[in-house]
Structures are given as C-alpha cells and as structure tokens.
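Colleague: Can you keep this structure in mind? I'll have questions shortly.
The values are calculated or read from the model by the stated rules, or taken from the named source; none is laboratory data. Quantities reported herein were computed from a predicted structural model and do not represent experimental measurements. A quick note on method: Cβ atoms are made from the backbone with ideal geometry, for glycine too, and the neighbour counts reach across all protein chains shown.
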Amino acid sequence: MLPAQKKKDESTHNLPIEMGFIDKLGEMYRIRKILRDLKQEMEHSNGLSTGYARNEAKFIADQILHFRSTYLQSVMTPKVKELDITIHKIANKARFEFYVGIYNALRLQCETEYDIFMNRDLWVVVAEPFCDRTHSQYGIVAIVRALMVVVNKEIWKAFLDSRLAIFKKDAGKRKKKETDADNVLKKKQMTAREQCIEMIGEEFTKKWEALPPELKMVMAGVTKTDFTKQSSQIHTFKVGSSQQKKKKPHSKQYPKQQTQATNLQLQSENFTNSQNDSQRSEQHTTNIPFKSNKQDFVSNKKFKGQPNSNFSPPSFRQQKQFFKHFENQN
C-alpha cells in the first residue's frame with residue numbers, strides 16, 4: 001500500500017459514521033420487537049432464550065481436557081451444564097440491557113437531530129434563502145410551523161416505507177421456515193425407495209458440480225457447442241428421470257397384422273385347395289360324401305395348431321365368397 005493511500009484510509013477511518021434519521025427510526029422499531037420477544041422468552045424460560053446458542057462451559061472443558069476419557073466426561077458433564085445455564089442467563093440479561101441502551105441512544109440522537117432541524121436548520125438552511133425580506137420573530141415561527149407540517153408528513157411516509165420493508169423481510173423469513181418444515185415433513189412421508197433415490201440424486205449432483213467442464217462434456221456425450229447450450233440442463237441429476245425420448249415398445253405381431261402380400265398368397269392357396277377338394281368330392285359323392293369336408297377340417301385343424309404360423313383367419317368377404325362358390329357347385 002502506498003503512503004498516500006494509507007493516509008487517505010486513516011483519514012476516512014477516523015471520520016464519524018452515523019445512520020440517517022429514517023434508518024434510525026426503522027432500527028428503533030426493530031429493536032422494540034426484539035425486546036418484546038426476548039422479554040417473553042426470558043419470563044417463560046427462567047432467564048433462558050433461543051437467541052443465544054453458544055456453550056461456553058463446554059468450550060472451556062474441551063480446551064482443558066485434551067484427551068478422551070469417558071469417566072472424566074461423565075464427571076464434568078453436570079458442572080458443564082450448570083455453568084452453561086448460568087452463562088446463558090447472564091448473556092441474555094446483558095443482551096436485554098444492551099438492546100435497551102442502544103434503543104435509548106438512538107432515540108436521543110433522533111430527538112436531538114429533530115430539534116436542531118426544526119429550530120435552526122429549517123429556517124437558516126431551507127427557508128431563509130428564498131425570502132426577499134426579513135421577518136419578525138412571530139413571522140419566522142409561523143413559517144417554520146407551516147413547513148414542519150410538510151416535513152412531518154414526509155418523515156412519516158418514509159418511516160412507513162421502511163417499516164413495510166421490515167414487514168416483508170419478516171414475512172419472507174416466516175414463509176421460508178414454513179416451506180422448510182413442509183419439505184422436511186414431505187421427505188419423512190416419502191417411501192424408502194423415494195428417499196434412497198433422493199439421497200443418491202443429491203450425492204451425484206454434488207459430485208457432478210465438482211467435476212471440470214471437460215469431464216462433464218465427455219460424460220454427457222455431447223460436443224463442445226452442444227455442451228454450452230445444454231449446460232443448464234445437466235447441472236442437476238435425479239435418479240429415475242431421463243431427458244431422452246422414450247422408445248415405443250414393439251407391438252406383438254398378431255396374425256391379423258401380417259403383410260398384405262402374405263394374406264393374398266394364403267387366400268390364393270386356400271382357394272385352390274377348396275377347388276381341388278370340391279373336385280374330389282364330386283368324384284366320390286356316391287361312396288364317401290363327407291370325406292372332403294373331413295379332410296378340410298383336419299387340414300385346417302393341423303394348420304391352426306402349428307406354432308408361429310402365418311395363418312390369418314378369413315375375412316367376412318372371403319367367407320361370403322367361399323359359401324357362394326360352394327352353393328354354386330351344389
């Protein structure tokens with residue numbers, strides 16, 4: 001650091017730093033809320049509160065006992081708890097007194113600044129430069145009172161805006177606590193499988209974010225240009241979820257879904273077989289009238305019983321043509 005910069009830093013460090021008037025009013029409002037909650041906790045818990053969570057006695061015992069011993073820890077535990085409670089009570093009392101002191105100091109500063117501004121700065125700095133002639137004491141008092149009406153309105157408006165910001169901040173904290181509690185409850189209500197999947201996904205995401213970009217690109221299986229486009233989509237990981245398109249399952253090919261050429265070929269074969277059977281039946285009508293039909297039934301039964309056959313049942317139109325042909329022959 002150069003000497004000139006060092007001198008400049010020292011000069012700025014020694015300058016007084018104070019909050020603005022509206023900021024002091026907002027801080028006073030926040031301290032009033034803290035004092036109210038702290039007082040209620042101390043009254044209900046015998047001087048204890050959740051705001052102070054340090055264990056000074058345990059820290060002292062750990063500094064003294066630099067080796068592990070179950071017996072010594074059991075001996076020192078009651079004294080550590082008693083000392084922690086005592087320190088908590090002292091710390092909470094000191095916190096309450098400090099908050100009260102800070103509130104009174106801020107109120108004193110605000111009252112002093114308000115009096116100085118109303119009795120001196122408002123006329124000397126603001127109003128007098130715009131006056132063309134001098135005024136008497138009563139005229140100055142009337143002008144200052146009229147101006148203070150406007151000043152008080154602006155102060156009250158600014159304070160309400162500051163208090164609204166505090167309300168929104170507190171509401172956000174309260175909503176965050178509620179959502180965190182809901183998320184914890186939902187995780188506890190999840191099944192064992194879903195909890196395992198969530199734990200694996202979180203662990204993989206932590207390891208994935210720790211990897212260098214080149215290794216991420218290789219593991220993702222994308223090019224360098226595509227990786228820059230898809231980098232926002234591969235920051236997180238969830239087991240059981242994939243962005244790839246699901247492949248359509250192959251539907252089983254039933255006999256009705258065979259190709260048209262196969263159907264036509266089978267139809268022609270069935271038609272020729274029917275013609276041959278009809279000719280045989282005409283030749284042997286006197287001796288064995290039902291032989292051809294029985295042979296057809298047996299052949300069809302054997303054909304249907306064959307495994308993985310390409311047989312397709314005749315359609316309504318084919319059946320109609322077959323019966324019409326059979327009637328013509330008779």
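Colleague: Looking only at residues in the range 19-46 that are part of a helix (DSSP H, G or I) and of a type in the set (A, V, I, L, M), which one is farthest from A105 (Cα to Cα)? Break it down into steps so the answer makes sense when it comes.
Modeller: If we filter the range 19-46 for residues that are part of a helix (DSSP H, G or I), which is where we start, we get 21-44.
After this cut, where a residue has to be of a type in the set (A, V, I, L, M) as well, the list is 22, 25, 28, 31, 34-35, 38, 42.
Working: I22: 15, L25: 12, M28: 10, I31: 12, I34: 16, L35: 15, L38: 19, M42: 23 Å.
Applying the filter and picking the extreme gives M42.
Colleague: Do the conditions hold for I90, that is, is it in the same structural domain as L25 (by TED's automatic domain parsing), farther than 30 Å from E18 by Cβ, surrounded by 11 or more Cβ atoms within 10 Å (Cβ to Cβ) and at pLDDT 85 or above?
Modeller: yes
Colleague: Now for a separate question. Cβ-Cβ below 7 Å, separation at least six or inter-chain, first residue in the range 163-177 and assigned by TED's automatic domain parsing to the domain that holds I31 and under 22 Å from I22 (Cβ atoms), second surrounded by 11 or more Cβ atoms within 10 Å (Cβ to Cβ) and among the basic types (K, R): which pairs?
Modeller: Note: pairs meeting the criteria are I166/R30.
Colleague: Need the failing condition index for R68 against (1) at pLDDT below 90; (2) in a helix (DSSP H, G or I), just the number.
Modeller: So the condition that R68 fails would be (2).
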